[in-house]
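Inspection log for the structure reproduced underneath, given as structure tokens.
The values are calculated or read from the model by the stated rules, or taken from the named source; none is laboratory data. Note that the structure is a prediction, hence the values are computed from the model and not measured. Neighbour counts run over all protein chains shown; Cβ positions are idealised from the backbone, glycine included. When the accessible area is computed, the model is the full protein with side chains, heavy atoms only, and any ligands, DNA or RNA have been set aside. Shrake-Rupley method; radii C 1.70, N 1.55, O 1.52, S 1.80 Å.
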Number of protein chains: 2
Amino acid sequence: MAARRGSTKDKRYEGPARAEKNEKTADGEVRWLSPAEQETWRAFLAATRLLFEELERQLQQEAGIPVTYYEILVALSEAPDRTIRMRDLADLTRSSPSRLSHAVSRLEETGWLKRVSCATDRRGAFAHLTDKGFAALEAAAPGHATAVRRHVFDRITPKQADELGRILAVIRDGLDAEGRCPGVPT
Amino acid sequence: MAARRGSTKDKRYEGPARAEKNEKTADGEVRWLSPAEQETWRAFLAATRLLFEELERQLQQEAGIPVTYYEILVALSEAPDRTIRMRDLADLTRSSPSRLSHAVSRLEETGWLKRVSCATDRRGAFAHLTDKGFAALEAAAPGHATAVRRHVFDRITPKQADELGRILAVIRDGLDAEGRCPGVPT
DNA sequence: GCAAGGACTTTGAGCGTTCAACTATTCCCG
DNA sequence: CGGGAATAGTTGAACGCTCAAAGTCCTTGC
């Protein structure tokens, strides 16, 4: 990735040339990424793309579902009664209501999930993981866990894993907070 | 089951997917993630999902293109003559040839890219970034860089950024190596 | 030379996601 | 109580991606 500095003739992409001088936009100053940060960011993009593609392929071949559906099954499997209100399930899995609705529809067709209407709030619906769905999850879990271990945790030290978790939790919390109260400055 | 793609029902069932502890099964060992590893992994999933969704939304609204298209433009902008052979561009951006072909077609429609046929290898094609495409990239860059900085690098220390880069490079290299020579252990 | 196999690229179908409506119900406040 | 606003969930179209299959051209061995 690379394209280390000054390859050939052209401008290496560190932002437009004019930005060297004029760093202002409508809302203030543009602080480009430093070379080190760029390298990190490109590693981020490459690693996550490769990783998710690999996990997706693995899970699709062995279990026939995408990773996001797997996450839905996991969330349900951990809930009391294996049943969660749609809204809460959307929050847990960080999906949009729309995505969740489509996904649940799809999983309902395979018989792994069931929609249950809510007695106290007639707008509402629950998603319930069926025994068949739970069995499917049990069958899919070892392969998926093995893949995650193989591509991530077997490659880094426990200390690095800890640090990775801490870093990603910070990033996650930042985005989560922003999602909940939009318009609040850092 | 609606004939999903790789729908291999009735997979081998490799032992109970119970247990947070490590255990063995008949035909091989499944090493589950430790509680700490699970927490890290869930942070990974949540952070990357939120982050990419946010960047996608930002870039889509401000520039009208997905992040992956942006990466293609960046790669081209750094190349001599702003021109790269399709195969090499696919490697650089870690896309499948198919994805790249679709993407280039799309970007060609907007006039940001141009396909140029190769004289010495008539199977081949180059992708060339037009002036219009370069201008579009210049216009999109500040917003994108700002978003990346805001959600990632402004939230972590430089030391953490370094460590993050090192960790992700290891993961990336592992997957890269595996992609090139499948079947090689570790 | 020539055939067989490999490399480069494109195409079309199917799937999951997003986005923008839309329906239905509940909440809130005067 | 009544009516507007908020909440829960669904739907359909558009779009990007994957996969399989194909077309086109190059290369290698004989």
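Decide, for segment A:58-167, between rounded, prolate and oblate: order the square roots of the alpha carbon gyration tensor eigenvalues as a ≥ b ≥ c, take rounded if a/c falls under 1.5, and otherwise choose prolate if a/b is larger than b/c, else oblate. Display every interim value, and only then the final one.
On the way: a/c = 2.51, a/b = 1.69, b/c = 1.48.
It is prolate, given that a/c is not under 1.5 and a/b is the larger ratio.
With every protein chain present, what accessible area does B:His102 have (1.4 Å probe, heavy atoms only), rounded to the nearest 10 Å²?
Rounded to the nearest 10, that gives 130 Å².
Taking the Cβ of A:Leu89 as the centre, find all other residues whose Cβ is under 12 Å away and add up their charges (Lys, Arg: +1; Asp, Glu: -1).
Value of the local net charge: +2.
Just to check I understand the Karplus step: with θ = phi - 60° and J = 6.51 cos²θ - 1.76 cosθ + 1.60, what whole-Hz values come out for segment A:84-97, glycine and proline as x?
With the stated coefficients, segment A:84-97 comes to 9, 4, 3, 4, 5, 5, 5, 5, 4, 9, 6, 9, 6, x Hz.
Counting protein heavy atoms only and a 1.4 angstrom probe, how many square angstrom of accessible surface do chains A and B bury in total, to the nearest 100?
Values: alone 13760 and 13980 Å², together 19920 Å².
Approximately 7800 Å² gets buried when A meets B.
Pairs of Cα atoms under 8 Å, at least six residues apart: use those to get the relative contact order of segment A:53-142, whole percent. Let's see the in-between values first.
Working: 100 pairs, mean separation 27.1, N = 90.
Across segment A:53-142, relative contact order equals 30 percent.
Taking θ as phi - 60°, what are the ³J(HN,Hα) couplings along segment A:100-107 by the Karplus curve (6.51, -1.76, 1.60), each to the nearest whole Hz, with x for Gly and Pro?
Residue by residue, segment A:100-107 yields 4, 4, 4, 4, 5, 4, 5, 6 Hz.
Going by amide H atoms built from the backbone, whose H comes under 5 Å of the H on A:Gly124, apart from near neighbours?
Under 5 Å from the amide H of A:Gly124 lie the amide H atoms of A:Cys118, each far enough along the sequence or on another chain.
Given a 1.4 Å probe and every protein chain left where it sits, what share in percent of the accessible area of segment B:28-183 is carbon and sulfur? Could you put the intermediate results ahead of the total?
On the way: 3830 of 7410 Å².
After summing per-atom areas, the C and S share lands at 52 percent.
Distances from B:Ala119 to the same position in the other copies: list them in nm, one decimal, shortest first, using label points 7 Å from Cα along Cα→Cβ.
8.0
With a/c under 1.5 counting as rounded, go ahead and sort segment B:113-186 into rounded, prolate or oblate using the C-alpha gyration tensor (a ≥ b ≥ c being the square roots of the eigenvalues; past the cut-off, prolate if a/b is larger than b/c, else oblate).
On the way: a/c = 5.08, a/b = 1.18, b/c = 4.32.
Cα axes put segment B:113-186 in the oblate bin.
For B:Asp162, place a label point 7 Å from Cα along the Cα-to-Cβ direction in every copy; what are the distances to the other copies, in nm, shortest first?
Result for B:Asp162, in nm, nearest copy first: 1.9.
Let me know the mean shielding of B:31-39 by other chains, meaning the per-residue number of their Cβ atoms within 10 Å of its Cβ.
Working: counts 7, 6, 6, 4, 0, 5, 9, 3, 5.
For peptide B:31-39, the averaged partner shielding equals 5.
For a quick check: with amide H placed at 1.01 Å from N, whose amide H comes under 5 Å from B:Val30's, ignoring anything fewer than 5 positions away on the same chain?
B:Glu23, B:Thr25
Distances from A:Glu108 to the same residue in each other copy, label points 7 Å out along Cα→Cβ, in nm, shortest first?
4.3
Given a Förster distance of 56 Å, report the FRET efficiency between B:Lys132 and A:Glu109 from their Cβ-Cβ distance, rounded to the nearest 0.05.
Values: r = 45 Å, r/R0 = 0.80.
Once rounded, the FRET efficiency stands at 0.80.
What is the packing order of peptides A:40-49, A:112-121, taking the mean over residues of other C-beta atoms within 10 Å and listing the highest first?
On the way: A:40-49: 21.1, A:112-121: 13.8.
Those peptides, ordered most packed to least, come out A:40-49, A:112-121.
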